[in-house]
Amino acid sequence: MIGLVDVNNFYVSCERSFNLSLDKQPVVILSNNDGCVIARSNEAKALGIKMGIPFFQLDEIRKQHNLFIFSSNYTLYGDMSARIMATIGRFVEEVEMNSIDEAFVNLAGYESIYRDPTAFARQLQQTIGQWHRIPVSVGLAPTKTLCKVANHYAKRVDEYKGVLLLETAAQIDEALHEFSVADLWGIGSRYASLLRRNGFDTAAKFRNLPDDWISKNLTVNGLRLAYELRGVPCKPLEVDIPDKKAICSAPSFGRLIPDLETINQALTTHLARATQKLRQQQSTAGTVTVFLHTNRYRRSLNGELAKQYYGSRTVQLPNPTSSNAELAVYALAALKSIYQFGYGFQKVGIILSDLRPDSHQQESLFCEGPDERLIKLHRVVDKLNHRYGRDKVRLAAQGYDTTWHHLRQWVSPCYTTNWADILVVQ
């Protein structure tokens, strides 16, 4: 038996966890630079607010309703996610973190402890609600795909109260007959359109298709999905998180930036974020890509689209490294080669790819290897910054200009990670 624990409206629930006045109120969370809606409460959904709608289109709704607006606070959301995952780990050993707000749990071997899976789910739901003030839904089924189906109903049908067990063939068949094929986990819009054109609009109809037809039209991944719907596990739990194959850091600017000096500071700061993640998974990067572009939607005074520019440059390093100082030399040189004077830029970004374990360094006959002293230095810097705060120790090229950072006009306090933001009980 497998379970899927999914937080209801995760970003909104994190805000409500520390601000009880938001309960049963329409709440939306905005993306970086407060650009568009990325999360909504059920009350906001009832007002007709769509996912991804630009913020400026909410003016009329804000005038008519008491709509609460928050900038995304990923520091808070990430910490709350870690706390919830740790709580789940108190109940079961094998936990796969599928995303920031959901996790699969393996209940095999716990039959003597959790004899009733539904009772286990209720206990887990109650504990997370009591400890973190966060509502969760739990779907239980023999396979991960059926868990997704069970969780879909548990979250949306009031009578289930956030928990649904699909165990018998009759229960599974009833659930799949009413489940849209477009809502299946792993079915994109193109495959959903193909299936509907052929008359297979429900999960049950898709499940009952011949294997040859599925394999021909939806490849082996579609066939695995069909077997999962039939109760045959084809997607094992991935308890150990695999290392990233590439790391990207590219937040948008809070304003248009024309000068190279400020863009250099931003790029070096993005590089510091990326290399920290690189060292956390004990990897090195062999390739650096830098890209720079303007705002594609910006219009000039006459209403026409403003002149646009996009540039990128990829550099193959002579030796893979995880050192900020070494990577910054190549990254800043690449940026200088693609920079164009006369534009107001919206974003600069960096991608580290060709990642490999830092324990595997191939010697070169024609150039020196990576400077091990710098790598050790940056590991010490990571420890200092973890203890005393981000960027307390930094490269001089990062500077101290914060005017280019992305906008967060309505950001909430970091209740769990900043001493100054901890709630005080009167």
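More than 16 Å from Asp6 (Cβ to Cβ), in contact (Cβ under 8 Å) with a residue 24 or more places away in the chain and either surrounded by fewer than 19 Cβ atoms within 10 Å (Cβ to Cβ) or not polar (S, T, N, Q) (or both): is that true of Asn221 in this structure?
Spelling it out, Asn221 is indeed more than 16 Å from Asp6 (Cβ to Cβ), in contact (Cβ under 8 Å) with a residue 24 or more places away in the chain and either surrounded by fewer than 19 Cβ atoms within 10 Å (Cβ to Cβ) or not polar (S, T, N, Q) (or both).
Which pairs have Cβ atoms under 7 Å, sit 6 or more apart or on different chains, and link a residue in the stretch 161-184 that is under 26 Å from Arg196 (Cβ atoms) and in contact (Cβ under 8 Å) with a residue 24 or more places away in the chain to one that is of a type outside the set (A, V, I, L, M, F, W, C) and part of a loop (DSSP other than H, G, I, E, B)?
Matching pairs, first to second residue: Ile172/Gly231; Val181/Asp201.
State all residues of the stretch 187-206 that are open to solvent by 30 Å² or more (accessible area, probe 1.4 Å) and either aliphatic (A, V, I, L, M) or closer than 22 Å to Leu165 by Cβ (or both); if no residue qualifies, say none.
Initially, the stretch 187-206 is screened for residues open to solvent by 30 Å² or more (accessible area, probe 1.4 Å), giving 188-191, 193-194, 196-201, 205.
Within the stretch 187-206, Leu194 is the sole residue that qualifies.
Run Val381 past the list (1) in contact with a Ser or Thr (Cβ under 7 Å, 6 or more places away or on another chain); (2) modelled with pLDDT of 85 or more; (3) open to solvent by less than 50 Å² (accessible area, probe 1.4 Å) and report the number of the one that doesn't hold.
(1)
Take the stretch 31-70 and flag every residue that is assigned to a strand (DSSP E or B), closer than 21 Å to Asp101 by Cβ and under 21 Å from the mean Cα position of the chain (by Cα).
Answer for the stretch 31-70, where residues must be assigned to a strand (DSSP E or B), closer than 21 Å to Asp101 by Cβ and under 21 Å from the mean Cα position of the chain (by Cα): Cys36, Val37, Ile38, Ala39, Arg40, Ile69, Phe70.
How about the stretch 235-252: which of its residues are at pLDDT 90 or above and either over 30 Å from Leu327 (Cα atoms) or in a loop (DSSP other than H, G, I, E, B) (or both)?
Matches in the stretch 235-252: Lys245, Ala246.
Among the residues of the stretch 116-124, is any farther than 25 Å from Ile241 by Cβ and surrounded by 19 or more Cβ atoms within 10 Å (Cβ to Cβ)? Reasoning before the result, please.
In the first step, residues of the stretch 116-124 are kept if they are farther than 25 Å from Ile241 by Cβ; the result is 116-119, 122-123.
This time we only want the ones that are surrounded by 19 or more Cβ atoms within 10 Å (Cβ to Cβ), so: 117.
Looking through the stretch 116-124, at least one residue is farther than 25 Å from Ile241 by Cβ and surrounded by 19 or more Cβ atoms within 10 Å (Cβ to Cβ).
Counting only residues that are in contact with a strand residue (DSSP E or B) (Cβ under 6 Å, 6 or more places away or on another chain) and either within 24 Å of Thr219 (Cα to Cα) or of a type in the set (S, T, N, Q) (or both), how many does the stretch 150-176 have?
1
List the helices (runs of 4 or more DSSP H) inside the stretch 71-188, counting only whole elements, that have at least 1 residues being out of contact with any Asp or Glu (no Cβ under 8 Å at 6 or more places or on another chain), more than 28 Å from Leu225 (Cα to Cα) and among the small types (Gly, Ala, Ser).
Ranges flagged: 74-89, 117-132.
The values are calculated or read from the model by the stated rules, or taken from the named source; none is laboratory data. Computed from a predicted structure; not experimentally measured. A quick note on method: Cβ atoms are made from the backbone with ideal geometry, for glycine too, and the neighbour counts reach across all protein chains shown. Only protein heavy atoms, including side chains, enter the accessible area calculation; ligands, DNA and RNA are left aside. Shrake-Rupley method; radii C 1.70, N 1.55, O 1.52, S 1.80 Å.
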